[in-house]
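First up is the structure itself, then whatever we jot down about it.
Throughout, read-outs are computed from the coordinates displayed, never taken from laboratory work. Because the structure is predicted, anything quoted here is derived from the model rather than measured. Because the Cβ atoms are built from the backbone with ideal geometry, glycine has one as well, and the counts that use them run over all protein chains shown.
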Amino acid sequence: MITALDTNVLFDVLWIDPQFARLSARSLLRCATEGRLVACEVVWAELSATFPSHSAFSSAMDSLGVAFSPIDAAAAVAAGEIWRDYRSRRGSRLRLLPDFVVAGHALHQADRLLTRDRGFYRSYFPELTILDPTAD
């Protein structure tokens, strides 16, 4: 089982969010026992920007057991097509292309996505299996 991770769950755990850290850590641990944990380049970039150095970031990802998994061409094209459809329906600018890349990666290169942002992903990626740490 491959679980793709959204940035918000990793933020919760690494920066010990007072509301969500415990729930996200429990879900992350459960997913790790069931298979691989992966993050695409969008999540990798968003998260690494919060660390003081590359070595500190690498150490954190290693300690969580999260592997880098770059998006492949099919997933990138799918994300772009769904984003184009979203924008053509006058979707708000609150949702940027990186949100769609995270979901496209999970849909095509993983078995599920661990995220607290289930409403958005379920609306635009209905075939994607979503795990929400707050729903356990």
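Remark on residue 129: its backbone amide H falls under 5 Å from those of 113, a criterion applied only to residues 5 or more positions apart or on other chains, H modelled at 1.01 Å from N. Taking the centroid of alpha carbons for each part, the range 1-47 and the range 57-136 are 13 Å apart. Working note: Karplus 6.51/-1.76/1.60 with θ = phi - 60° gives the range 2-15 the couplings 10, 10, 7, 10, 8, 4, 4, 5, 5, 4, 3, 6, 6, 9 Hz, where Gly and Pro are set to x.
Around the amide H of residue 40, modelled in the peptide plane, lie the amide H atoms of 5, 69, all under 5 Å away and 5 or more residues distant in sequence or on another chain. Highest-first packing order for the peptide set 50-58, 99-107 is 99-107, 50-58, based on the mean count of other beta carbon atoms within 10 Å. Annotation note: GluC sites (Glu not before Pro) in the range 42-136 located in DSSP loop regions with a Cβ neighbour count of at most 10 within 10 Å are 127.
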